[in-house]
Each structure stands twice: as structure tokens, then as C-alpha cells.
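The values are calculated or read from the model by the stated rules, or taken from the named source; none is laboratory data. Treat the numbers as computed from the prediction; the structure is a model and nothing was measured. All Cβ positions, glycine included, derive from the backbone under ideal geometry; neighbour counts span all protein chains shown. These area figures cover heavy atoms from the full protein model, side chains too; ligands, DNA and RNA do not enter into them. Shrake-Rupley method; radii C 1.70, N 1.55, O 1.52, S 1.80 Å.
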Amino acid sequence: MGYGPPAGHPGLRRAIASHLNASRGIKCDPDQIFVTGGAQQAFSLIGRVLLNPGDGVWYENPGATGARNALIAAGADLVPVNVGAEGLDVEEGRAKAPHFRLAFVTPSHQQPLGHVMSLARRLELLEAANAAQALIIEDDYDGEFYYGDRPMPPLKSIDTEDRVLYVGTFSKTMFPSLRLGFVLVPRSLVTAFDRLFASWISTPPTATQASVAEFMDEGLFATHIRIMRRLYKARYQTLMEESPALPESIKVQPTTSGFHTTALLDGRVDVQLLINQARSAGVTIVPISRYALSPLGYNGLVLGFGSTGPDEIRAGIRVLREMPALRV
Ligand SMILES: Cc1ncc(COP(=O)(O)O)c(C=O)c1O
């Protein structure tokens, strides 16, 4: 009933290390895993350990808002780097900020565009980090949920120079109110993270950590992920089957992983008008521009399907289909 070890419950650190090896092809030791209150806390702590005010951080544009705020709060000078179908444009990053300290990426399923970073781009990014002596945050927030035959190897699994901090969360694999995540740090940073974690005792509740460890050790976590993968895939398929009913001005984009995709909009669509009309019909829609760090030159909507059953997906498409703003 005492305080748990600051870096996390040893059983959970072992279970996570073993799961990463079996499921994501990542070889690591439990002492490299630091348990956090969700991925968001991991981003803040990484910023505190690694960044000095004004350090250049390549950041996906558009990109995740939570990590963005955490890194800005830690003093980052965010450098927006555009994302294409293959992932972060490494050439653009090199041109804008060759001496970057850190890069933040979501290679398994880009937040918000839903692209999966190509292998060539992954290797290019690792090479750029090596050349600049920089580090990479790989946010693998929904990497377990891929719908093709085989997932791409995580950056961490091909990180021969140990430059990647891999951040995982149980918010997507289990549920967000667990407030449980972790960061796997390069061996060279274990001491720095140990010192930081030892400086306060505020880990997620040890009882919660122990329960999740047991769930993993018994093989139930892996089974749960297999079941949920099938369920999310079916929801995604429903969305793709229904989307041809939408007007020509909106094109739902395919994805191969995660819980959301995007729909690109014809440039003539007034996005704010569309948001207002959808809100009046009881539907909240999120524009891609909400995730932009600098102008994108296109716009669209983020379409979530993870927490939406097939009937709700069909109803949502019916509502969207009738939006006057889409008739251009
Ligand atoms: C890009 C991204 N990473 C990670 C997370 C998970 O954050 P947390 O583990 O703090 O719930 C989210 C949550 O939606 C997210 O959008």
C-alpha cells in the first residue's frame, strides 16, 4: 500500500517490454520503459528532459495538438514540416531547420491525415536524425490497429543508432480514463529519465498498473487487441461502403490503420458554413485545419469511426449528404 517505484510498477514495465517485442518487433529492456499518466504526460516530460528554450523541433503539419502544446510549453521552437502520402517531408525539414533537436511524428497513422509513413521515409528520417545528432519522438498511439496484412515496422524497431523515444498509450488499446501510457527511451537517456522520475512521486496508481500488468501477462491484452482490430476494421469498412453516397465535393480517403480517416473537400466548400450546418443537425465535425501549424492549401474533415457503431456511421453519412454547404 506504499508509493510505487517512481518509474513505474516493475511488473508493468516488464509486461510492456515483452509486448513491444512480440507485437511491434521492438527489442528493449524494462528499465528503458517509464510509465506515465498517458501519452500527454510523456510528451511534457520528454520536453523537460531534452529541450532548451528555442530548440528546433520538426513538427508534422498538420499535426497532433496535445503533443504540440506540451512541446511549446517546454520551450520548443516548432518548425512546421508538411506531411504527404508517404509521411513527413524530410527534405523540407532539412531545408527549414537542419540543426533540429527533435522531430515529432505519428508514423503508424498520421494524426490527423491517417497516412502510414513509408519505409523509405522512415529510413530517411532516421538518417536525418543521425546526421543532426537529433532525437525523434515516435507517437504510436494507435499503431496496434492496422487493417492490412502486415504493419510497417515502427521507427523504434529499425532505430540502429538509438535515437527514437517511443511513446505508447493504453488510451486507445484499453480506454482513456485509465490515464496510462509510457515512454521507451534510448539507453543513453535512462539515467536522465530515472533522475526526473525520482524527483516526484506521482505515477499512475500502482494498483491500476499492477492490474494492467496481470491482464497483459495472462495474454488477455493481446486477445483484446485482436478482437478490437476486427471490430474497428468492420466499422471502417462500413464507412467506406457508405461514403459513395456523399456529394462529389467531399472525398473520403482510404486508410489502413487507426480509428479515423479524412474526407477532402472541394476548395469551393465553405468549411465554416458546413460546420455550422452540421452542428444545427446535431453532428460535430472537425476540420483538418484545426491541426495546422501553418497554412495547408487544402481542407477537409477528420472522420472518426472508432467509437461509432455501424448504424451511427450510416446516420452520420445521411446527415452529411444533406448539407447544403456541400452543394457547390
Ligand atoms: C496523436 C495522439 N497521441 C496520443 C494520444 C493519447 O493521449 P493520452 O495517452 O494522454 O490519452 C492521443 C489522444 O487522442 C492522440 O491524438
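Summary of computed values
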{"read-out": "FRET efficiency, Glu86 to Arg279 (Cβ-Cβ, R0 41 Å, nearest 0.05)", "value": "0.75"}
{"read-out": "Residues whose placed amide H lies under 5 Å from that of Gly56, excluding near-sequence neighbours", "value": "Asp77, Arg101"}
{"read-out": "Cα convex hull of the chain, projected area averaged across orientations, nm²", "value": "16.8"}
{"read-out": "Whole-number accessible area per residue in Å² for the range 167-280, which is evaluated in the context of all protein chains at 1.4 Å", "value": "49"}
{"read-out": "Largest-first ellipsoid semi-axes for the range 166-282, taking √(5λ) over the Cα gyration tensor eigenvalues, angstrom", "value": "40, 20, 15"}
{"read-out": "Whole-number D in µm² s⁻¹ for the range 65-142, Kirkwood Cα-pair radius fed into Stokes-Einstein, 20 °C, 1.002 mPa s", "value": "168"}
{"read-out": "Accessible-area composition of the chain, carbon plus sulfur, in percent [1.4 Å probe]", "value": "52"}
{"read-out": "Cα Rg, Dmax (largest Cα-Cα span) when computed across the range 223-326, Å", "value": "14.0, 46"}
{"read-out": "Counted charge near Met323, where neighbours are those whose Cβ lies closer than 14 Å (Asp, Glu -1; Lys, Arg +1)", "value": "+1"}
{"read-out": "Counted charge near Ser171, where neighbours are those whose Cβ lies closer than 14 Å (Asp, Glu -1; Lys, Arg +1)", "value": "-2"}
{"read-out": "Long-range Cα-Cα pairs in the range 215-266 (distance over 12 Å), rounded percent", "value": "69"}
{"read-out": "Positive minus negative residues near Thr223 (Lys, Arg vs Asp, Glu; Cβ under 13 Å)", "value": "0"}
{"read-out": "Förster-model FRET efficiency, 30 Å R0, Arg48 and Gln272, C-beta, rounded to 0.05", "value": "0.20"}
{"read-out": "Candidate lysines - alpha carbon under 20 Å from Lys251, same-chain residues fewer than 8 apart omitted", "value": "Lys233"}
{"read-out": "Amide H contacts under 5 Å for Leu293, placed H, 5+ residues apart", "value": "Gly63"}
{"read-out": "Cβ-Cβ FRET estimate between Glu218 and Asp194, R0 fixed at 25 Å, reported to 0.05", "value": "0.30"}
